[in-house]
Amino acid sequence: MKSKLLRSEMRAAFLFLIPVFVLYIIFVVSPAITTVYLSFTQFSGFDKPTWIGFENYHRVIGDPQTQKTLFNTLYFTAGTVFLSIISSLLLAVLLNQPLKGRALYRTIIYLPVVAPMLAVAFVWKFMFDPSPSGLINYLASMFGIEAKQWLSDTRLAMPCVILVSVWKVLGYNMVIFLAGLQGIPSQIYEAAEIDGAGFFQKFFNITIPLLKPVTTFVFITSTINAFQAFEQIYGMTSGGPANSTYTLAYLIYVKGFRSLKFGEASALAVILVLVVLMFSMFYIKDVAKEK
Amino acid sequence: MRNSSSFSVVLVYLVIVIISIFMILPFVWMVSVSLKPSGRIYEYPPRFIPSPVTFENYRTAWDRANFSRYFMNTTIFAVAGTLLTISFCSLGGYVFAKLRFPGKNILFMVILFTMMLPFFSVLIPLFLIVKNFPLAGGNNLFGKGGIGLINSFAGLILPGIVNGYYIFLFRQFFTMLPDELIQAARIDGCSEFRIFAQIMLPLAKPALATVAIFSFMDKWNALVWPLVVLTDPNKRTLQVGLAIFQGEQLTGAQWNELMAASVISLLPTVLVFLLAQKYFTTGIALTGIKE
């Protein structure tokens, strides 16, 4: 009797998983494998791919545009992740206090997260308009800062893109940190207060160490997301000025769908996977260590 | 206690208010510019409350720029895609949570592993697979000759249905439901599918709502895949329409019109967020932090 139930259970599992795995194999697994294959070929979308071995990788790594792109991507990722963690952690600590209107502030801070990136990239682009009536320039002038070119300035464009990216995810990371903070039992803080600990001591000796798993999670997910930044570059700078905001995801798109160099784009895509996998592995190892 | 305590409270409020203004400012500016007539876009000093107020830009975007059509396309895409997603992913999550079968752990690892694949790494082969889909869009059995599922509703929706993230979320949720209900139903002779559909699924309303909301927003806000897969201007989704509209800036669309189009494109997700806020915090908490 028992094994009959078990067999019907297994049969059901098998049947239920077929539609899921069919879609999975067609649209997730085979593209992943094909990317690797294509990276060793030259392919423009017409005819057949021609096998050229590692030539794409040589070409791509030796190409100054790619090198600049990889550098930009690291710059962007480091800037975004670093600023993101600090600001959302601080905000979470502030919003963890019993304040009036806490829910309202949380909603407002979370709002950019749900908006489509392209739409908000456009408004930020207009806010960064180089004319004196660009909102940012106008606000800056009230502090005595002269009008800047912002997105047309090779040194300012990337920081602007970083700012927009941090603005976009601030609420999301804050909510995660808030959940982590609420997991810290208040007794620990109370015990420390009895021992005379002040705000900074509590923060650095209790909060930060106990938040380590959450911080690691935010660090890894933010990094993985930063490597895939696309819409803000597409909407604000198109990779410019002078390739200063070209990042990996944008380069893959342009190489593939504008230059029709699917082979080279796939080589870049493989590099992207390897980098992301590397970070994911670090995280998994870290989590496994905790257990 | 001491005076510095009320000072620090004021400081906390000040920081939170400033940050909140920073978060919401772009949205306010977007609406403001969208209501400005063309002569006032670059007025100096820039004003938040336009005078005169005009809705002409919304009419331009909605009618002349075809955003009414894009709105409909996006609604169909987001709703249909979400229904399919919650169906497939809830079923998948349930199987991994509650059914016993050989290879279960390995298969689940596979799904988790693919969660770590960045979308841009599979974008190009996904495009090619959709284009060369056998027996679709004029393709022969080997997927040659036609355009496959390019520019089709199926090509737009199918790749996004199975999502490791949502399967994982459902699996976590179903794991927490008691096994006794299932065992009792089995003894009563209930079929596995009926157990899933009539007993477990109604209990999964929080997870269903959470995934539905996240999925709806993901699809509504999506840019890259619709941009790549849709070639017919009439089939565009809002974000694609917005991207093209910006391109037309050089030939016609102005900032105020672009802002109106942007507002149209983000209104539904903002509304969904405001109406369903609690699902955002629970949804995030259900995933990474607990594991």
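Overview of values
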quantity	calculated
The protein assembly as shown, dipole about Cα centre (Lys/Arg Cβ +1, Asp/Glu Cβ -1), debye to the nearest 20	860
Cα gyration tensor, the range A:1-117 - rounded (a/c under 1.5), prolate or oblate	oblate
Enclosed volume per residue, in Å³, of the convex hull spanned by Cα atoms of the range B:57-290	162
FRET efficiency, 1/(1 + (r/R0)^6) with R0 30 Å, evaluated for A:Ser238 and B:Tyr44 via beta carbons	0.65
Distance between modelled label sites at A:Asp47 and B:Ile199, nm, 7 Å Cα→Cβ extension	6.1
Prolate/oblate/rounded call for chain A, Cα gyration tensor, a/c under 1.5 rounded	oblate
Calculated over the protein assembly as shown: convex hull of Cα atoms, volume per residue (Å³)	185
Gap separating the Cα centres of the range A:146-160 and the range A:15-45, nearest whole Å	40
Cβ-defined net charge surrounding B:Phe67, 12 Å radius [Lys, Arg +1; Asp, Glu -1]	+2
Shielding of A:105-113 by partner chains, average beta-carbon count, 10 Å	6
3J(HN,Hα) from dihedral phi, the range B:202-219, Karplus parametrisation 6.51/-1.76/1.60, rounded to Hz, x for glycine, proline	x, 6, 9, 3, x, 5, 4, 5, 4, 5, 4, 5, 4, 5, 4, 5, 4, 6
Rounded, prolate or oblate (a/c below 1.5 giving rounded, otherwise prolate when a/b exceeds b/c) for the range B:1-124 by Cα gyration tensor	oblate
Extension gain, A:Asp195 back to A:Phe54 (0.36 nm per residue minus Cα-Cα distance, nm)	44.4 nm
Neighbourhood charge, 14 Å Cβ-Cβ cut-off, centred on A:Phe122 and excluding it, Lys, Arg +1 and Asp, Glu -1	-2
Sequence-distant residues sharing a close amide H with A:Thr41 (under 5 Å, placed H)	A:Ile52
Peptide ranges A:49-57, A:189-197 listed from the most packed, as the mean C-beta count within 10 angstrom indicates	A:49-57, A:189-197
Table column - 3J(HN,Hα) (Hz), the range B:13-24, Karplus curve with 6.51, -1.76, 1.60, x for Gly and Pro	4, 4, 4, 5, 5, 4, 4, 4, 4, 4, 6, 9
Residue (of A:Asn137, A:Ala179, A:Ser238) at the positive-pole extreme of chain A, dipole from beta-carbon charges	A:Ala179
Estimated vicinal HN-Hα couplings, Hz - the range B:170-175 in sequence order (Karplus 6.51, -1.76, 1.60; Gly, Pro = x)	5, 4, 4, 5, 5, 4
Amide proton proximity set for B:Ser191, modelled H, under 5 Å, gap of 5+	none
Sorted by Cβ density within 10 Å, fewest first, the residues B:Cys89, B:Cys190, A:Cys160	B:Cys190, A:Cys160, B:Cys89
Distance (nanometres) between label positions extended 7 Å along Cα→Cβ at A:Ile188 and A:Phe203	1.7
Spin-label model distance (nm) - B:Phe22 vs A:Leu210, 7 Å beyond Cα toward Cβ	2.7
Residues B:Leu267 and B:Glu180, FRET efficiency given R0 of 30 Å [Cβ-Cβ distance, rounded to 0.05]	0.10
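A short reminder: the numbers here are calculations on the coordinates, not readings from a lab. Owing to the predicted nature of the structure, the values given are computational and were not obtained by experimental measurement. In this analysis, Cβ positions are derived from the backbone assuming ideal geometry, glycine residues included, and neighbour counts consider all displayed protein chains.
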